[in-house]
Every structure is written in structure tokens, then in C-alpha cells.
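Only one structure is covered here, and it is reproduced in the block below.
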Amino acid sequence: MLELDELRRQYPEIIRGDIIVRCLSGWRELVERALDEVIATGLTAEQIELHEIREKFGRLRITALTPAGRRDVARVFILASLRSQFICEQCGEPGKSLQTSDGWRMCRCDRHAAECPVPLSPVRPVLQIEMPDGVWRFDRTTDRLVLVGEPKIP
């Protein structure tokens, strides 16, 4: 498991108070990269309040309260989530999005998938997301979000 105390020592400027941390340590580098990228946006400690870092539906989820209109910070967290679909949540090696027969999703490398006590099937990773400013697609070759369409949300 990823440890809150370690993250708090590493990122005291943005990890304050009690936050929920529920993900495996294989995603540590993804979390650290996202937190480094948030710091690089120039937000002050008073402008961000992290709420949770966890796995949900086989993807990393980082949620925080930030100033309105800071889509750059939202994109950092979205990119971390999309990247996590290709990183084993147990060891951090390249992985695949998989699903159990009862619908639980996870990302595992071949070794950790083989250790799973239930059969796993590959699932298509989520590569596109809609935000208020448009439809964005994760380009794995450039490791970026690319605008691919107008927003459909009114």
C-alpha cells in the first residue's frame, strides 16, 4: 500500500490534514509525478486541498479542491489516471487493464495477473475524456492529452 506518512513527508506543502490513500505501491511513481506536476503549476498550499489518492475502476484517482478554472491541475490528475491503466498497481512495471468475471477492474503486469486467484480478461482502457473545454484523448506515444473534439456537455 502507498503510505500517507511517506507522502506527507515528501509533499508537506500539498498533503495536509487527513486524506484518504487507498492504492497499491506500484503507482507510487505516478502519484509522485502528478504531485510534482501540480506543484509546478504554481498553486500555493492554500489553493489546493487534496482529498484522496485511490484506485477506482482499475485506475488511479486523485481528487482535490482547487481554484475554479484551473484546468491545468485537472489535466494533471486525468493524465495520472489514464497512465495508470498501463502500469501494474502492484509493482510499477508495464501492465494491462484487466477485469474479473464479476466486474472488478485492475491493472496488472503478466506476473501479477498470473498470481491473481480468479481468471482475468483484458478490457479496453479508457483513452478519451470529456471536459468542459472539449473532448481530450490520451496519446500514449507522446504521453499527452490531445484535443480531439468540441465539448458535448452544454
Kindly list the number of the only condition in (1) in contact with a Ser or Thr (Cβ under 9 Å, 6 or more places away or on another chain); (2) open to solvent by less than 40 Å² (accessible area, probe 1.4 Å); (3) part of a helix (DSSP H, G or I) that fails for ASP72. (2)
Could you say whether any residue in segment 24-38 is out of contact with any Asp or Glu (no Cβ under 7 Å at 6 or more places or on another chain), more than 17 Å from ILE87 (Cβ to Cβ) and open to solvent by less than 20 Å² (accessible area, probe 1.4 Å)? yes
Kindly indicate whether VAL118 is β-branched (Val, Ile, Thr) and either surrounded by 16 or more Cβ atoms within 10 Å (Cβ to Cβ) or in contact (Cβ under 8 Å) with a residue 40 or more places away in the chain (or both). no
Which one is farthest from ALA34 (Cα to Cα) among residues in segment 129-154 that are open to solvent by less than 90 Å² (accessible area, probe 1.4 Å) and part of a loop (DSSP other than H, G, I, E, B)? PRO151
Count of residues meeting criterion [loosely packed, with under 12 Cβ neighbours inside 10 Å and under 17 Å from LEU60 (Cα atoms)] in segment 104-115: 0
Exactly one of these conditions fails for ILE87: (1) among the β-branched types (Val, Ile, Thr); (2) under 19 Å from ASP133 (Cβ atoms); (3) in contact (Cβ under 8 Å) with a residue 60 or more places away in the chain. Give me its number. (2)
Selected residue (only one of LEU98, LEU82, LEU60 is in a helix (DSSP H, G or I), open to solvent by less than 60 Å² (accessible area, probe 1.4 Å) and either at pLDDT 95 or above or touching a Gly at 6+ places or on another chain (Cβ under 7 Å) (or both)): LEU82
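The values are calculated or read from the model by the stated rules, or taken from the named source; none is laboratory data. Computed from a prediction, not measured in an experiment: that's the story for all the values here. Positions of Cβ are generated from backbone atoms using ideal geometry, with glycine treated the same way; all protein chains shown enter the neighbour counts. Surface accessibility is based on the protein's heavy atoms, side chains included, excluding ligands, DNA and RNA. Shrake-Rupley method; radii C 1.70, N 1.55, O 1.52, S 1.80 Å.
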